[in-house]
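Shown next, in structure tokens, is the structure this report addresses.
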Amino acid sequence: MRVIVVGGGIGGLTTALALHARGIEAVICEQSAQFRQLGVGINTLPHAIKVLDGLGLLDALDDVGIRTSRLIYKTAGGQDILSQQRGIDAGYDVPQFSIHRGKLQRVLVDAVMARLGPDAVRSGHRLLDFHQTDTGVSARFKTEHGEVTLQGDALIGADGIHSAVRKHYRGDEGPPRWNGILMWRGATWWPPFLDGRSMIIAGGMKAKLVLYPIFDSPDHPGETLMNWVVCAKLGNASTPLLTREDWSKPGSAEAALAHVRGVFDLPKVDVEGLIAATPQNYVYPMCDRDPLDRWTDGRVTLLGDAAHPMYPVGSNGASQAILDAVCLADLLSHQDVRPALAAYEDQRRPATSAIVTANRDGGPERVIDLVEERAPDGFDDLHDVATPEELTALVGAYQEMAGFAREQVNR
Ligand SMILES: Cc1cc2nc3c(=O)[nH]c(=O)nc-3n(C[C@H](O)[C@H](O)[C@H](O)COP(=O)(O)OP(=O)(O)OC[C@H]3O[C@@H](n4cnc5c(N)ncnc54)[C@H](O)[C@@H]3O)c2cc1C
């Protein structure tokens, strides 16, 4: 069996590795000419790390990421709402990682090259179109040397939020759905806070600040590569998109700072200094797409952001793409292509659609919205606003729904 994977992001690369581990040939076709280390920080949750550990990548991840120890939910004003241990510190068998997206992608590309051989990675291949017959799939790509056609038994569209594979079936869908929130994202070397492995999320869906360290280096003693995200609600679902969904679109420090000054107050972190010191930040609209009622057509299916783009709350974007990959590879190793792809959709579509919907409501970070709604001017005693049980239950229900409650991962 030979599988054509369209897209060399986290989802596509993990799919190729998982297929190879089960004796199935895979070729990845990525539109970019090179794998440059694009993006800033992402978080990968224990259920996804378990998959990557199963692929023998834990040491490589330790070399380039940080094992997250704690997540603290705060109000924008800096009052603590809930503090939870994460990963190994929370009793999971495997860590949660805070990591630079480009470094995670590099770990995966290197593993694909080493295990499947360099010929398995075709960069500079942009999918133009494809068609399937009873016996296989043929896909046409644009390269700098002209058009190339590849044949396979299955085609997996792991080509992100602007997926050409999805568009082939849902050309009427239009652009992603924006919720009126703009996000500025950046990372720079900065003094660590707390134990140097903790994550802070301050503020609900109207104004949110996310901070976590993603890399330590002996070249930067006393500092960590600090990732930050500032989210500001500037419109609503009917507001015209202010900027296209381009992960690499430069943003300005002044624009980000305008949504920080007088909004966030974290006494132990100089957030304004951090943003001002970041050489380049990126601006991205918070957007997703409505869950589809179908991902699969015979020998063709969707995976990762192509299948279920979701708001980046709850740290699930990359993690769910990794779970898709292992599910698909497992099923393809036991069944013919068409029943395997149908079974993959049966398992993964409802699970991820539920996360897309929950994330629209803030995901686990809903605990912050809840407290800010009930106590807009802050509180003297959190117990007057919400009980610890109520807050823990909200976060726990999200973890279970997204498949990363401790019992689900450790079993
Ligand atoms: C450049 C970039 C930077 C990002 N930065 C961040 C970040 O900082 N923080 C964050 O939370 N998330 C970021 N993301 C999104 C995050 O990586 C995904 O949400 C998550 O990892 C799921 O990944 P995926 O593999 O499904 O999709 P993606 O990571 O989007 O990967 C899709 C891949 O498909 C390729 N592709 C698209 N169309 C075609 C085509 N027609 N033919 C061939 N290849 C195609 C793209 O070039 C890309 O490499 C970024 C994505 C990209 C592409």
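Residues that are of a type in the set (S, T, N, Q) and out of contact with any Phe, Trp or Tyr (no Cβ under 7 Å at 6 or more places or on another chain) were ranked within segment 125-169; the one that is nearest to the ligand (Cβ to nearest atom) is Ser163.
Take segment 119-134 and flag every residue that is under 15 Å from Val5 (Cα atoms) and of a type outside the set (A, V, I, L, M, F, W, C). The answer is Asp119, Arg122, Ser123, Gly124, His125, Arg126, Asp129, His131, Gln132. For segment 126-177, a tally of residues being outside any helix (DSSP H, G or I), within 22 Å of Leu332 (Cβ to Cβ), of a type in the set (D, E, K, R) and touching a residue at least 60 places away in the same chain (Cβ under 8 Å) returns 2.
Report yes if some residue within segment 378-392 is of a type in the set (Val, Ile, Thr) and closer than 30 Å to Leu55 by Cβ; otherwise report no.
Taking every residue of segment 378-392 in turn, none turns out to be of a type in the set (Val, Ile, Thr) and closer than 30 Å to Leu55 by Cβ.
Every condition in (1) buried (at least 24 other Cβ atoms within 10 Å of the Cβ); (2) hydrophobic (A, V, I, L, M, F, W, C); (3) within 17 Å of the chain's Cα centre (by Cα) is met by Ala358 except one, and the failing one is (1). Restricting attention to segment 229-255, the residues that are in contact with a Lys or Arg (Cβ under 7 Å, 6 or more places away or on another chain) and part of a strand (DSSP E or B) add up to 3. Looking at segment 275-383, the helices (runs of 4 or more DSSP H) lying wholly inside it that each contain 3 or more residues that are more than 13 Å from the ligand (Cβ to nearest atom) and within 30 Å of Ala258 (Cβ to Cβ) sit at 366-374.
Hey, any hits in segment 261-273 for a residue that's closer than 25 Å to Phe193 by Cα, outside any helix (DSSP H, G or I), within 16 Å of the ligand (Cβ to nearest atom) and in contact with a helix residue (DSSP H, G or I) (Cβ under 7 Å, 6 or more places away or on another chain)? The answer is no, given that none of the residues of segment 261-273 is closer than 25 Å to Phe193 by Cα, outside any helix (DSSP H, G or I), within 16 Å of the ligand (Cβ to nearest atom) and in contact with a helix residue (DSSP H, G or I) (Cβ under 7 Å, 6 or more places away or on another chain).
What do you reckon, is Arg185 closer than 30 Å to Pro339 by Cα, surrounded by 14 or more Cβ atoms within 10 Å (Cβ to Cβ) and not aliphatic (A, V, I, L, M)? Criteria not met by Arg185. The residues on offer are Ile81, Ile66, Ile4, Ile72, and the sole one that is under 25 Å from Asn281 (Cα atoms), crowded, with 19+ Cβ neighbours inside 10 Å and of a type in the set (A, V, I, L, M, F, W, C) is Ile66.
Scan segment 47-54 and give yes if some residue there is more than 16 Å from the ligand (Cβ to nearest atom), within 15 Å of Val326 (Cβ to Cβ) and of a type in the set (Gly, Ala, Ser), otherwise no. Taking every residue of segment 47-54 in turn, at least one turns out to be more than 16 Å from the ligand (Cβ to nearest atom), within 15 Å of Val326 (Cβ to Cβ) and of a type in the set (Gly, Ala, Ser). So in segment 188-197, with the set limited to residues that are away from the ligand (no atom under 16 Å from the Cβ) and assigned to a strand (DSSP E or B), which one is surrounded by the most Cβ atoms within 10 Å (Cβ to Cβ)? Among them, the one singled out is Trp190. Does Gly12 fit the bill of being small (Gly, Ala, Ser), modelled with pLDDT under 95 and crowded, with 17+ Cβ neighbours inside 10 Å? Taking the combined requirement at face value, the residue does not satisfy it.
Condition check: at pLDDT below 95, aliphatic (A, V, I, L, M) and in contact with a His (Cβ under 9 Å, 6 or more places away or on another chain). Does Leu242 satisfy that? When the stated conditions are applied, Leu242 does not pass them. Of all residues in segment 15-41, those being in contact with a helix residue (DSSP H, G or I) (Cβ under 8 Å, 6 or more places away or on another chain), within 8 Å of the ligand (Cβ to nearest atom) and at pLDDT 95 or above number 2.
The values are calculated or read from the model by the stated rules, or taken from the named source; none is laboratory data. Keep in mind the model is a prediction, meaning the values are calculated, not measured. Cβ coordinates were reconstructed from backbone atoms using ideal geometry, including for glycine residues, and neighbour counts include every protein chain displayed.
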